[in-house]
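Below you'll find the structure, written out as structure tokens, and then a few comments.
Laboratory data are not the source of any read-out in this text; all were calculated from the coordinates shown. Worth saying up front: this structure is predicted, and the values here are computed from it rather than measured. Please note: Cβ atoms are built from the backbone with ideal geometry, for glycine as well, and neighbour counts cover all protein chains shown.
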Amino acid sequence: MIPPAETVHWLFATGFLVLGLCQLGETLVGSTVWERRRWRAYLWPATAFGMGLFMWPVMVFFTSSTLHMLAHGAWAQAMMLAGAAELGRVRGKLKDPRWELTVALALFVSGGALLVHEQNSWLFSRAAFLHHAIGWTAIAGSLFPLVRAFRPGSAPLRAGFAATMLAVAVLLYCDRSFAPIFGHLSQLAR
Amino acid sequence: MRRLLGIGLVALTCLALPGSAWAHATLKRTSPDYRQQLERTPARVTLEFDQQVMVMPKSIQVFSATGRLLSLQPRLGKDPRVLEAPVRRLPRGAYTVRWQALSADGHVVSGVFTFGVRAPAPPPSEAYGAKGPTLRDHLVRWAYFVSLALLLGGLAFRLLVVRGNVSPAYERRFYRMAGIGVVATLEVGIVAFLLRAEDALQLPFERLLYGNLAAIANGTRFGLAFIAMTLGFAVVAALLFLGWLTDRRELLWAALLVGIGFASGLSLSGHSAVDAGSSWASELADWIHLTAGTIWLGSVVSLAVCVWPVAPELRREAFLRFSRLAIVLIALIVGAGIYLSVLRLPAVSDLWTAGYGRVLLVKLALVCLALAWGAIHHFVVRPLLERGPAPAGLVRSLAGEGAVGIAILLAAAILVDSQPPPAAPRSPAQAAQTP
């Protein structure tokens, strides 16, 4: 009844793909054009919020270890918080630009939780490699919204954030249970 | 700033370290299965992991209900991912399997599950070795009740008492209170589940991190309630947020109804669902008792925290409307409470002879105090308010009533974690009359 972990990863990869494409689209055409249709401004924060909401079932159904459960809970809350803060800003309920920091915080916390919950080494298996890679990508990527909180209009920072989301999406799509990475798979995982 | 940078660097270094050979195994399946009822003694107990593990002296231990060890030396199976231990002949009864395996990284992964031989298996929370609730469990459950009160009471007060448009200051306070309530409900729920898992697994914290929780999450009423309530209150959090974002009151109604609905998880997994004499009526009574109690307390807190300090224009109307609502809530609390007390205490003397009864006595004393306080508000303050301005010190009086309500929730938390006295055995004559 519970889908394999890799299937869940692909579903969330699709969410990150949407997030990245929205950010990329806004970077390419500029915020003025992007927000000419009002709903577009809500697109990526609503997607992030929804992904956070859908992470809760992952938390309660994947309880193979306490560490996994807590990590999934951290992602659920981080994504909901980031999405909610951005929705509040778009709607005009939150005026302070420092609310942008919640996106940076969410990425940092998510990356940290990924690294802590993946107890295998980089080359243990493909899933382990991807967890490490996504964790560090998220931590590095958190710098883009962090700086953007102080330089709101910067297109390169938005592009960097979009690239982070797209990279996370690609990495998640690559996930397979117990697949080799660069031709290597630990004996323990065979 | 330097200090912050230093902390950041240390944190990054720690994250980089999860090391060159850290690898911990996950249990894929067991034989017998979780809580499986077998018709005959199994030849062995086997555990299958997702990767190779190393055997330890206590990798698989099978205990009887009295704690007798019935398993022999564990060993690796033909497949190095499988651990197995032969077992002696098992008589009819319930059995606990405590397992642990050494992963390649040196971390020990652990877990517990139960099975029965020609008898039903108990939930893992009642496995041999589990000690039952402690002070920490009482405090966590208390925090859960208070969180529910802030959430459900705040919402109900906003929708049933302060119905129309309100000042932005009140609205901000209301959303803060309900927001704290829903976040705390989720967080405290996770802590409560982990405490229960820790008790069942009997592991120190560092090993609990690698403990397998699946048997507790999927094999106990408490675990199923945790799953349902976590999902339900995540939806409530989303509805509450969307209500704030869009200023749509219908979403708050949806949040309140979903919240009340999922609060039933406590009633469906507690005494009212599993003890002798429990039925759908006891579950319903427990749910009504809990819901009415949390709404009453949350409403008192709303009056003291949201209305009085920042919305003087609402004070009179809110107090008078809440007085009417409180009568209904108190009737529900008292009616359901009396029914449940009669059900759980077979004899009146249990009130002072049994531990459960003594805690109930303390709770009843606190309820009487709260009722008296409420009566003063209803019969003395209310007529004064109808005639003129609010009497001085009313907000302190409301805060006092709220504090008593919070103390009642502590007594309720201890009651929920306590075992009611067993029903007295029937006399032979009574037994003979019953088919």
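Is the range B:27-122 best put as rounded, prolate or oblate by its Cα gyration tensor, with a ≥ b ≥ c the root eigenvalues, rounded for a/c under 1.5, and otherwise prolate when a/b is larger than b/c, oblate when not? Cα axes put the range B:27-122 in the prolate bin.
Along the range B:78-92 the Karplus relation, 6.51 cos²θ - 1.76 cosθ + 1.60 evaluated at θ = phi - 60°, assigns HN-Hα couplings of 4, 7, x, 8, 10, 10, 9, 9, x, 10, 5, 5, 9, x, 4 Hz to successive residues, with x for each Gly and Pro. Helices of chain B meeting both criteria, an alpha-carbon length of 27 angstrom or more along the long axis and an average Kyte-Doolittle score not below 0.0, with helices taken as full DSSP H segments, are B:168-201, B:221-246, B:249-269, B:280-302, B:315-344, B:355-376, B:394-417. Extending 7 Å from Cα along the Cβ direction at B:ARG358 and again at B:SER397 yields two label points whose distance is 3.6 nm. Taking the square roots of five times each eigenvalue of the Cα gyration tensor of the range B:135-417, the equivalent ellipsoid has semi-axes of 33, 24, 16 Å, listed largest first. Note on A:ARG98 and B:ILE376: the model spin-label points, each 7 Å out from Cα along the C-beta direction, lie 4.3 nm apart. Relative contact order for chain B: 13 percent, from Cα pairs under 8 Å spaced at least 6 residues apart, divided by residue count. For chain B, a Gaussian network of Cα nodes joined below 10 Å ranks B:ALA43, B:ALA85, B:ALA234 by mean-square fluctuation, and the top entry is B:ALA43. When shorter helices are ignored and each DSSP H run of at least 4 residues is given -39500 (n - 2.57), the per-residue value for chain A at 222 nm works out to -24000 deg cm²/dmol.
Between B:ARG387 and B:LEU160, residue separation times 0.36 nm minus the direct Cα-Cα distance comes to 79.4 nm. Computed over the protein assembly as shown, the P(r) tail beyond 35 angstrom holds 51 percent of alpha carbon pairs. Of B:ARG68, B:ARG387, B:ARG40, the residue with the greatest mean-square motion in the GNM of chain B, using alpha carbon springs below 10 Å, is B:ARG387. Here r is the Cβ-Cβ distance between B:ALA281 and B:ARG221 and R0 is 25 Å; the resulting FRET efficiency, rounded to 0.05, is 0.90. What the phi angles of the range B:129-134 give under the Karplus curve with 6.51, -1.76 and 1.60, with θ = phi - 60°, is a coupling list of x, 5, 9, x, x, 10 Hz, glycine and proline written as x.
Label point of B:GLU126 set 7 angstrom out along Cα-Cβ; within the range B:275-299, amide nitrogens under 11 Å from it belong to B:275-276.
Stokes-Einstein at 10 °C, 1.306 mPa s, Kirkwood radius from Cα pairs: D for the range A:29-142 in µm² s⁻¹?
It comes out at roughly 105 µm²/s.
Peptides B:210-217, A:43-50 ranked from most to least packed by the mean count of surrounding Cβ atoms within 10 Å: B:210-217, A:43-50. Which of rounded, prolate, oblate describes chain A, given a ≥ b ≥ c as roots of the alpha-carbon gyration tensor eigenvalues and a/c under 1.5 marking rounded, otherwise prolate only if a/b is larger than b/c? Note, shape of chain A comes out prolate. Extent along the principal axes, Cα only, for the range A:85-190: 54, 23, 20 Å, with the longest axis given first.
Is the C-alpha gyration tensor of the range B:171-217 telling us rounded, prolate or oblate? Criteria: a/c under 1.5 is rounded; beyond that, a/b larger than b/c is prolate, otherwise oblate. Since a/c reaches 1.5 and a/b is larger than b/c, the shape of the range B:171-217 is classed as prolate. A simple charge model with +1 on the Cβ of Lys and Arg, -1 on the Cβ of Asp and Glu and nothing else charged puts the dipole of the protein assembly as shown at about 320 debye relative to its Cα centre. Of all aspartates and glutamates in the structure, the ones whose alpha carbon falls short of 13 Å from that of B:LYS28, not counting any fewer than 8 places away in one chain, are B:GLU48, B:ASP50.
When chain A is modelled as a GNM with alpha-carbon springs shorter than 10 Å, which of A:PHE61, A:PHE129, A:PHE16 fluctuates the most? Largest GNM mean-square fluctuation: A:PHE61.
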